[in-house]
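Scroll down for the structure; my scribbles are underneath it.
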Amino acid sequence: MKERVLFIGWNRQAWEKQFSKRSEILDFKELKQEKFSFIYITIKDCNVCKELKPKLLELAASYAGSSFHNIFLDDHKDAAGFFMAFAVPTFLVFSEGRELLRSARHLDMEEIKNKLDRYYEMLLE
């Protein structure tokens with residue numbers, strides 16, 4: 001005999017929102033497992049973040065097999081804790097579960113490119 005559970009004051013939209021947050025945590029884990037994953041954590045009102053995004057997209061496109069993921073903390077508050085991102089913008093690069101690069105608040109594009117070039121060459125060997 002199956003047990004039935006009655007939800008009093010149950011709200012389908014609230015349940016779906018909570019359920020989707022839990023499934024997104026699994027997606028965060030999957031992002032870290034990709035071959036060369038660029039993760040850009042921002043908020044929607046950050047003007048600096050908006051200016052940096054095209055530069056980071058261009059940088060990600062220059063590495064074959066890479067993927068770029070923009071995560072807005074406005075929509076995914078749990079991402080801040082999962083990725084330990086306590087400032088915006090935060091730029092992370094993962095490869096097969098390992099964090100290769102972390103840069104937050106002040107991003108030096110030349111320094112990031114130099115580090116990524118070294119990591120990318122090591123990955124190809």
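Restricted to the range 79-99, and to residues that are of a type in the set (Phe, Trp, Tyr) and either without any contact (Cβ under 8 Å) to a residue 60 or more places away in the chain or not in a strand (DSSP E or B) (or both), which residue is farthest from PHE36 (Cα to Cα)? Checking each candidate, the answer is PHE86.
Residues in the range 65-121 that are basic (Lys, Arg) and touching a strand residue (DSSP E or B) at 6+ places or on another chain (Cβ under 9 Å): ARG102, ARG105, LYS115. From the list HIS76, HIS69, the lone residue that is outside any helix (DSSP H, G or I), out of contact with any Lys or Arg (no Cβ under 7 Å at 6 or more places or on another chain), surrounded by 14 or more Cβ atoms within 10 Å (Cβ to Cβ) and modelled with pLDDT under 90 is HIS76.
When residues in the range 54-73 are screened for being over 15 Å from PHE94 (Cα atoms) and in contact with a helix residue (DSSP H, G or I) (Cβ under 9 Å, 6 or more places away or on another chain), 4 of them pass.
Here is a yes/no grid of residues against (1) acidic (Asp, Glu); (2) assigned to a helix (DSSP H, G or I); (3) at pLDDT 55 or above:
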{"position": "TRP15", "(1), (2), (3)": "no, yes, no"}
{"position": "LYS21", "(1), (2), (3)": "no, yes, no"}
{"position": "ASP27", "(1), (2), (3)": "yes, yes, yes"}
{"position": "LYS32", "(1), (2), (3)": "no, yes, yes"}
{"position": "LEU56", "(1), (2), (3)": "no, yes, yes"}
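Note on the range 100-116: residues that are within 12 Å of PHE36 (Cα to Cα) and outside any strand (DSSP E or B) amount to 1. Pairing residues of the range 40-68 that are touching a residue at least 24 places away in the same chain (Cβ under 8 Å) and of a type in the set (Gly, Ala, Ser) with residues that are surrounded by 16 or more Cβ atoms within 10 Å (Cβ to Cβ) and part of a strand (DSSP E or B), at Cβ distances under 7 Å and at least 6 apart in sequence or on separate chains, gives GLY65/PHE36; SER66/PHE36; SER66/PHE38; SER67/SER37; SER67/PHE38. Figure legend. Inter-residue proximity from the range 107-125: first residues in contact (Cβ under 8 Å) with a residue 12 or more places away in the chain and within 18 Å of GLU58 (Cα to Cα), second residues part of a helix (DSSP H, G or I) and of a type in the set (S, T, N, Q), beta-carbon distance below 9 Å, spacing 6+ or different chains. No pairs are indicated.
The values are calculated or read from the model by the stated rules, or taken from the named source; none is laboratory data. This is a predicted model, so every value here is computed, not measured. Cβ coordinates were reconstructed from backbone atoms using ideal geometry, including for glycine residues, and neighbour counts include every protein chain displayed.
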